[in-house]
Amino acid sequence: MTQSVGLSLTEQQRAVVERPVKSKVFLEGPAGSGKTTAGVLRMLHLLDSGVPAEAMLVAVPQRTLATPYYDALHSPDLAPGGQVTVVTMGGLARRMVDLFWPLVAEKAGFGQPESKPTFLTLETAQYFMARVVRPLLEQGYFESLVIHRNRLYSQVLDDLNKAAVVGFPHTEIGGRLKAAWAGDPVEKRIYDEAQECATAFRQHCLDHNLLDFSLQMEVFVKHLWTLPLCRGYLLNRYTHLIADNVEEDTPVAHDLLRDWLPHCQSALVIYDEDAGYRRFLGADPESAHSLSELCDETVRFTGSHVTSPDMEALASRLARSLDRPAEPASGNVLSVLSYEFQRYHPQMLDWVTGEIERLVTEEGVPPGEIAVLAPFLTDSLRFSLMTRLEQRGVPARSHRPSRALREEPSTRCLLTLAALAHPRWGICPSRFDVAYALMLAIEDLDLVRAQLLAGIVYRNQDGLPALGSFGKINAEMQDRLTYVLGGRYENLREWIEEYAGGPEAPLDHFLSRLFGEVLSQEGYGFHRNYDAGEVAANLIESVQKFRWVTDEALAEGEKPLGQEYMEMVEDGVVAAQYVRSWRLQPEDAVLLAPAYTFLMANRPVDYQFWLNAGGRGWWERLYQPLTHPYVLSRHWPRDAVWTDENEYQTRQEALYRLTRGLIHRCRSKVYLGISELGEQGFEQQGALLQAIQRVLRQVQAEENTTPLRSGGAPDV
Amino acid sequence: MFRPRPKQEEVLKYRSGKMGVSAVPGSGKTYILSYLAAELVAGDLLEEDQEVLVVTLVNSAVDNFASRVASFIRQRGLLPNIGYRVRTLHGLANDIVRERPELLGLSEGFQILDERAADQIRQAAAEAWVRGNPLSFDDFLSPDLEQRQLDWVRRKPWPELVNGISSSFIKRAKDLRLSPEDIKRHLGDHGKPLPLAQMGWAIYADYQRALAYRGAVDFDDLIRLALRALELDEEYLERLRHRWPYILEDEAQDSSALQERILRVLAGPDGNWVRVGDPNQAIYETFTTASPRFLRDFLDEEDVVPGKMPNSGRSTLEIIELANHLIDWTREEHPEASLRDALALPHIEPTPPGDPQPNPEGLPGHLRLVDQGYTPSEELRAVADSLARWLPEHQDHTAAVLVPRNQRGFDLVAELKRRGIEHVELLRSTRATRETAGALGNVVSYLADPASAKKLATVYRVWRRDEREDDEAKARVQQVARVLGKCRQVEDFLWPRADRDWMSELDRSRGPDDTLEKLESFRELVRRWQGASLLPIDQLILTLAQDLFQEPADLAVAHKLAVVLKRAGDLRPEWRLPELTEELAVVARNERRFLGLSGDDFGFDPERHKGEVVVSTVHKAKGLEWDRVYLMSVNNYSFPSAQAHDSYISERWFVREDLNLEAETLAQLESLVGEGGQYREGEATARARVDYAAERLRLLYVGITRAKKELIMTWNTGRRGDQQQAVPFIELRTFLEREEHGPTP
């Protein structure tokens, strides 16, 4: 949503934007009513009015929501000046901890206050959690829990994060979860075990100066915000606050704002009704709304810049079908809803891509105005859609590539070569991996010759991998493989041999050298392959980050970093995926994204395709047996049991908010892709489909017409 | 317009309470139950958020039901798909568990392992146990074994048997809702040694741990967990009771104790629950807790309104008489007294006069029980001969050969193939699924071994497989494939050097005119596939599928295979193409139940296969009917009668005193929790014989009642030539002879 200063304003927006500098406004309204636009223009108006950029803080709950502000600040129309700070509360916490570390390290209980802190990413936090929890698993912890081990680590981390952003001591995690547990009483022990893991991890972090997200927040809130020096620094510096999408932020973030608002000269707090999509991350719309009390006045935007009356009618009918209160809206629902029942999942994908192609080629819809949404996007689904759209010549982009880093062929190639260059690690790749690595590494080497070559030169000698020389192959085979390719192979092999003979370099250095000195050279596979180059850069970055935080930990165990990294990749603990910036992808392309990701990007489109509308995923929240977003919130009464009624209402509410959020970000039409049998071949009759069918039945009854056939009403 | 029979009408009047309907074969129970569902949906009895829940046994029936109910609802001018839900019991359990997984210690991403994956994990656990306890079970082996035999038994059949036993043990333990910890506690309390239960427990514990570690549950867990969820959370149960105010259950005779319990709990004490079934068609009981007794007991419950559907217009009067005689003879004269309740009344009654479905007329000689004792291969040939004579003259008729076991079906299919007799398989997985898996498997197998010309030639045949139908085109494909197969260095074809291109050296006179063109497009394709072999397996499969298949059903199967293989690969990250090829091969070879998606799997309609012969197990033929039915292998091995001379598939030759170790193990398990009294060796084996014989009697009854106009039964003397006619076969043959020579009673 690129904004420019000259954008025309509605009256209600102008009233907010052009308020006197010293005013504090709480702005609420539905999605699409122009609140963020007002926020951006208010920021620019303040700058125009002479407020120094350095005095302005824009707080958002998630980086993607900052995009409109960044775009405006990077606009060429903007007069040069200082820098407005656009930040998440987590980001602010980290900056402050970094800045004031020497003052709080000891007080906060860190074991080495004189040494520097190490900030953990999600990946590296997971790695350390794994180190702490694994020995406990061996002792039989969590035995009754059916869960993949990696998810277990991330859920305990999540518990710690919840404690930090909701603001309760992390030692209460187990007790709170236990009190709400309605299942088998015997199973309560898993919460004690989770508590033990959380405590042990926290202690490990304190001992080694490691700060995961939860510790960053806690140190900031408990030790820095209460420190006059730090608090004064922030309050004096930032006297103009804009907080957007506060409904997606956490109670602790709201506490900070609550302290901050009385000290500001101006404030604009923006609240989106019906949202709260990040509840599973601790978002708390109720506590956000209470910030209005600290503002001079509350303004409510009405109307929508996005949706038509027909679309409003769809939202309203769907809401009522889900038993939620909604004003009846008159409008033709059937004109903004299109769907077709298919028998099989791939047929549904064909229909969706066919309709998209039709929109783009026949109706001239820009691809960027189309979003394909699903509750979850599996890699297979993403891949299937991407290839189908590609075949039809429709550009598409996704919020992440359809392969995890460890599944990228280029990554596998680099890691395989790394294993070959470090025989000491004792990692022997399979013959297939070696063949694939050679095929990718050497330009023009085809699969047939790569397999032949690997079959001959690759040996596993006493558990150590080794590559033989091309020169020692018999002449006939050399001829088959060709001397050109043989020469390239030999170069690569000699480079590896030479490296292996010298001192071991850190893995990221090794990879950089391998890439720079061999693979990116002419005659090698990464020479003109920019995608592969990007993947290599990503991998190197991941290894680097891993090394920065783990060096010390690994020194204790004397395991080479590279070996540990490779094992973690294989295990799926690290480098499971990485977020590539959206900006690197074509702008005007069909977007494939999980529905919530789309909502959080907050960018309306003309057409939405809801995939798999019959699937149950639309009605499911993330079930995490070791954590609970609602129980670990401020509103949950201590000792209350989480009942089925709670669960049911929560889900109805979530589906309502989700569909409402989507519809409010759709201008022209919602397409429903429906297949009787899901991806796995099971019948589908999810809550979303049922709700929509109820809407259609009502419409049918009102219009008293016969049901439409294919392309019209569901008819299976 | 549908006009119900008087007895059917009584069932259709149902509006509330509990009702139990016993229905004979061919009485239209699926039809009536669908009709009733539609009546309830249309009848203003449901609130907006309520559904009629229809529960049935197998997946294929789900589709049948769903489309029937939908059509009845459409006839009433209503939108289909609203107000009802058709599920198998496993599907229902899945729905229940998926809605509240956290209640059961499951994460949202929990997987349901299919049979194959569960088998692999269990087999690993069983093998580990055998390795850890190499000699401890010699006590159970026959003392007559020679050392050579003993070594071999320990190496091969014994581990297989342990695997089989542990499979039943785990199933039963789950049915009894015993966790490994429970069993361990009971074993500790028991005092006396129960080595078989001890073994079962050890493998069970290992298996469950492996599942939990992978975040997975198996099919049996689903049932157990669903019931647990309903018991744990009263509110949840109430919500589901509200959602499903009516439960209609088909094939109720095959429900296990636990499955029945789920529905009973869901219906509630004052609920609306209709159970329809035929205790005489209960054929899924061996080593499960399913029993026709549950349905019979239900029919006897005080608040249950009994219904009957005794009329059937399916078969000729003579076939009906034969089936009824089997019931009477079993009840009154079966030589083994304990088997006399294996079949129960009512008799099948023909349709009343004026019925829209009158019973067909029987032709002379349309019932033949062949007395001659064939060898197994003679029997195959005899049936194939008969089909070869009959089919050409009866192109507008339907026919099926029913076999007691899959393997027998495969053997027959091979014979039919050899003779070019048109046939359709209704065995474990469908041909379409197997062909899809097979085609993909061949390509993946080549990609794992890309220098092989032979495999490349196979890939060519797979690619052009649609041309198989046309003889001339098929010959051309074969010819090109042969040329390819002789390519000495595959890279000279696929990735030729400037100075050495196999194509340019190809002798143009050796293939059909367009050979070069075909080869060129094939080369393009294979190059692309080779590039795709670097992708994760699911993406490779999806890429291949787009090039290989056009049919939506094939693409859907391929998509599912992609997802399944991806999961298999995630569980075993060390797997590469050869192992993944093997997974595909297993599906293709039909060694695993793979929930297929092809048209064949859903609502199989014999009428669509006129002029062909359908080969099916008797189990799979349930609910279906054909003009002519062959029933094979009716000997005392496939259909034993608990007689002294019978032999049993579950009694292995290397086990002492003909012990059925599977049954003995389960008996030990049950004795731990006080079921079945004190454990005494041998009793369970004897009981298992009776149970098995009873189920086989019902299987025979099901087989006979599949026939509309003609029925031919044959038997064979078995591999060693020592098997005899099954006792009921002799009885039915005698009965027929009496009928033919004496007056009709």
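The values are calculated or read from the model by the stated rules, or taken from the named source; none is laboratory data. Bear in mind the structure is a predicted one, so any value in this text is a computation, not a measurement. Quick reminder, even Gly has a Cβ in these numbers, built from the backbone with ideal geometry, and neighbours come from all protein chains shown.
Yes/no per residue for (1) crowded, with 21+ Cβ neighbours inside 10 Å; (2) free of Cβ contacts under 8 Å to residues at least 12 places away in the same chain; (3) farther than 22 Å from residue B:119 by Cβ; (4) within 12 Å of chain A (Cβ to nearest Cβ):
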position	(1), (2), (3), (4)
B:180	no, no, no, yes
B:184	no, no, yes, no
B:189	no, yes, yes, no
B:205	no, no, no, yes
B:217	yes, no, no, yes
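For every residue, the table says whether it meets (1) assigned to a helix (DSSP H, G or I); (2) assigned by TED's automatic domain parsing to the domain that holds residue B:552; (3) under 18 Å from the mean Cα position of the chain (by Cα).
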residue: B:384; (1), (2), (3): yes, no, no
residue: B:387; (1), (2), (3): yes, no, no
residue: B:390; (1), (2), (3): yes, no, no
residue: B:425; (1), (2), (3): no, no, yes
residue: B:439; (1), (2), (3): yes, yes, no
residue: B:447; (1), (2), (3): yes, yes, no
residue: B:451; (1), (2), (3): no, yes, no
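Exactly one residue out of A:118, A:124 is under 29 Å from the mean Cα position of the chain (by Cα), over 30 Å from residue A:638 (Cβ atoms) and either within 14 Å of another protein chain (Cβ to nearest Cβ) or surrounded by fewer than 20 Cβ atoms within 10 Å (Cβ to Cβ) (or both), and it is A:118.
Entry remark, the range B:90-130: residues being out of contact with any helix residue (DSSP H, G or I) (no Cβ under 6 Å at 6 or more places or on another chain) and among the small types (Gly, Ala, Ser) number 6 in total. So which residues in the range B:697-745 are among the β-branched types (Val, Ile, Thr), modelled with pLDDT of 95 or more, touching a strand residue (DSSP E or B) at 6+ places or on another chain (Cβ under 8 Å) and closer than 27 Å to residue B:337 by Cα? Once the filter is applied, which keeps residues that are among the β-branched types (Val, Ile, Thr), modelled with pLDDT of 95 or more, touching a strand residue (DSSP E or B) at 6+ places or on another chain (Cβ under 8 Å) and closer than 27 Å to residue B:337 by Cα, the range B:697-745 yields B:704, B:714.
Quick check on the range A:573-596: of everything there that is touching a helix residue (DSSP H, G or I) at 6+ places or on another chain (Cβ under 8 Å), more than 19 Å from residue A:690 (Cα to Cα) and modelled with pLDDT of 85 or more, which residue is surrounded by the most Cβ atoms within 10 Å (Cβ to Cβ)? My answer is A:590.
For every residue, the table says whether it meets (1) buried (at least 18 other Cβ atoms within 10 Å of the Cβ); (2) at the interface with chain A (Cβ under 10 Å from one of its Cβ atoms).
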site: B:468; (1), (2): no, no
site: B:474; (1), (2): no, no
site: B:480; (1), (2): yes, no
site: B:490; (1), (2): yes, yes
site: B:501; (1), (2): no, no
site: B:523; (1), (2): no, no
site: B:538; (1), (2): yes, yes
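Scanning the range B:357-371 turns up no residue that is free of Cβ contacts under 8 Å to residues at least 40 places away in the same chain and in contact with a helix residue (DSSP H, G or I) (Cβ under 8 Å, 6 or more places away or on another chain).
Taking the numbered list (1) within 20 Å of the chain's Cα centre (by Cα); (2) buried (at least 21 other Cβ atoms within 10 Å of the Cβ); (3) within 11 Å of chain B (Cβ to nearest Cβ) in turn, residue A:610 passes all entries but (3). Is it true that some residue in the range A:427-436 is under 28 Å from residue A:377 (Cα atoms) and either assigned to a helix (DSSP H, G or I) or outside the structural domain of residue A:501 (by TED's automatic domain parsing) (or both)? The answer is yes; a qualifying residue exists. In the range B:111-140, the residue that is nearest to the other protein chains (Cβ to nearest Cβ) out of those that are among the hydrophobic types (A, V, I, L, M, F, W, C) and not in a helix (DSSP H, G or I) is B:112. When the range B:57-68 is limited to residues that are away from chain A (no Cβ under 12 Å) and in contact with a strand residue (DSSP E or B) (Cβ under 9 Å, 6 or more places away or on another chain), the one that is nearest to residue B:17 (Cα to Cα) turns out to be B:57.
Across the range A:488-523, the qualifying residues are those that are polar (S, T, N, Q) and not in a loop (DSSP other than H, G, I, E, B), and the one among them that is farthest from residue A:542 (Cα to Cα) is A:491.
Matching residues to (1) in contact with a strand residue (DSSP E or B) (Cβ under 7 Å, 6 or more places away or on another chain); (2) more than 14 Å from chain B (Cβ to nearest Cβ); (3) at pLDDT below 95:
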site: A:187; (1), (2), (3): no, no, yes
site: A:196; (1), (2), (3): no, yes, no
site: A:205; (1), (2), (3): yes, yes, no
site: A:218; (1), (2), (3): no, yes, no
site: A:223; (1), (2), (3): no, yes, no
site: A:239; (1), (2), (3): no, yes, no
site: A:243; (1), (2), (3): yes, yes, no
site: A:257; (1), (2), (3): yes, yes, no
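Could you grab me the full set of residues in the range A:131-177 that are away from chain B (no Cβ under 12 Å), free of Cβ contacts under 8 Å to residues at least 60 places away in the same chain and under 24 Å from the mean Cα position of the chain (by Cα)? Once the filter is applied, which keeps residues that are away from chain B (no Cβ under 12 Å), free of Cβ contacts under 8 Å to residues at least 60 places away in the same chain and under 24 Å from the mean Cα position of the chain (by Cα), the range A:131-177 yields A:157, A:160. Please tell me if residue B:471 is out of contact with any strand residue (DSSP E or B) (no Cβ under 9 Å at 6 or more places or on another chain) and at pLDDT below 85. The answer is yes for residue B:471. Scanning the range B:365-376 turns up no residue that is part of a helix (DSSP H, G or I), among the charged types (D, E, K, R) and surrounded by fewer than 18 Cβ atoms within 10 Å (Cβ to Cβ).
For residues that are of a type in the set (Phe, Trp, Tyr), buried (at least 22 other Cβ atoms within 10 Å of the Cβ) and either part of a helix (DSSP H, G or I) or on the phi > 0 side of the Ramachandran plot (or both), tally how many sit in the range B:689-735.
Residues meeting the conditions: 3.
Picking from residues in the range A:414-437 that are touching a Phe, Trp or Tyr at 6+ places or on another chain (Cβ under 7 Å) and within 12 Å of chain B (Cβ to nearest Cβ), the one that is farthest from residue A:521 (Cα to Cα) is A:431. Only one of (1) within 21 Å of the chain's Cα centre (by Cα); (2) at pLDDT below 80 is not met by residue B:560, so which one is it? Residue B:560 satisfies all of (1) within 21 Å of the chain's Cα centre (by Cα); (2) at pLDDT below 80 except (2).
If you go through the range B:266-282 and keep only what is surrounded by fewer than 23 Cβ atoms within 10 Å (Cβ to Cβ) and either charged (D, E, K, R) or over 27 Å from residue B:13 (Cβ atoms) (or both), you end up with just B:270. Counting only helices (runs of 4 or more DSSP H) wholly contained in the range B:1-110, the ones carrying 3 or more residues that are over 30 Å from residue A:183 (Cβ atoms) occupy B:6-12, B:29-42, B:59-75. All of (1) facing another protein chain (nearest Cβ under 9 Å); (2) in a loop (DSSP other than H, G, I, E, B); (3) more than 25 Å from the chain's Cα centre (by Cα) hold for residue A:641 with one exception: (1). The residue that is farthest from residue A:405 (Cα to Cα), among those in the range B:547-574 that are within 7 Å of chain A (Cβ to nearest Cβ) and out of contact with any Gly (no Cβ under 6 Å at 6 or more places or on another chain), is B:552. Among the criteria (1) at pLDDT 90 or above; (2) assigned to a helix (DSSP H, G or I); (3) closer than 26 Å to residue B:685 by Cβ, the one residue B:150 does not fulfil is (1).
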